[in-house]
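Okay, structure first, notes after.
The values are calculated or read from the model by the stated rules, or taken from the named source; none is laboratory data. Bear in mind that the values here come from a model prediction, so they are computed numbers and not experimental data. Here the Cβ positions follow ideal geometry from the backbone for every residue, glycine too, while neighbour counts run over all protein chains shown. Areas reflect the complete protein model, heavy atoms only, side chains present, ligands, DNA and RNA absent. Shrake-Rupley method; radii C 1.70, N 1.55, O 1.52, S 1.80 Å.
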Amino acid sequence: QVQLVESGGGLVQAGGSLRLSCAASGRTFSSYTMGWFRQAPGQEREFVAGITRGDVSTYYSDSVKGRFSISRDNAKNTAFLQMNSLAPEDTAVYYCAARGSRWSSTDPSAYDYWGQGTQVTVSS
């Protein structure tokens, strides 16, 4: 079992930055591949970024590539999402998720554990 708690969301102006954190419980955080997803009102949950266990490969959706950066600190059981050059279309609830696989996935159903989400609002 892994419990995930996101933090760091808030209101920011377009062009600004935020850093989201995802704190995981348990001692096996390093064995999970982590993902960040987001969901805007009336839309499906979409993949934002992923970081694998082991070789720590990173993956991004085309919409955030070059602006967002995912990382992890296994010693602190925490994953991060650094978001730069934010735009109003980035407004959504952001979720972190964990899966017990060495591979990343863009499919939300591939993840075993989810946090409660944190709201990110970007004003124009």
Problem - segment 86-124, subset assigned to a loop (DSSP other than H, G, I, E, B) and of a type in the set (V, I, T), residue most open to solvent (accessible area, probe 1.4 Å) - result: T106
Practice task
Check segment 48-63 and report whether any residue there is open to solvent by less than 20 Å² (accessible area, probe 1.4 Å) and either touching a helix residue (DSSP H, G or I) at 6+ places or on another chain (Cβ under 8 Å) or of a type in the set (F, W, Y) (or both).
Solution key: no
Exercise for the section: Taking only segment 50-70 into account, find how many residues are assigned to a strand (DSSP E or B) and farther than 11 Å from C22 by Cβ. Expected result: 6
Problem - Candidate set: segment 75-85, residues that are open to solvent by 60 Å² or more (accessible area, probe 1.4 Å) and of a type in the set (G, A, S); chosen: the one farthest from the chain's Cα centre (by Cα) - result: A75
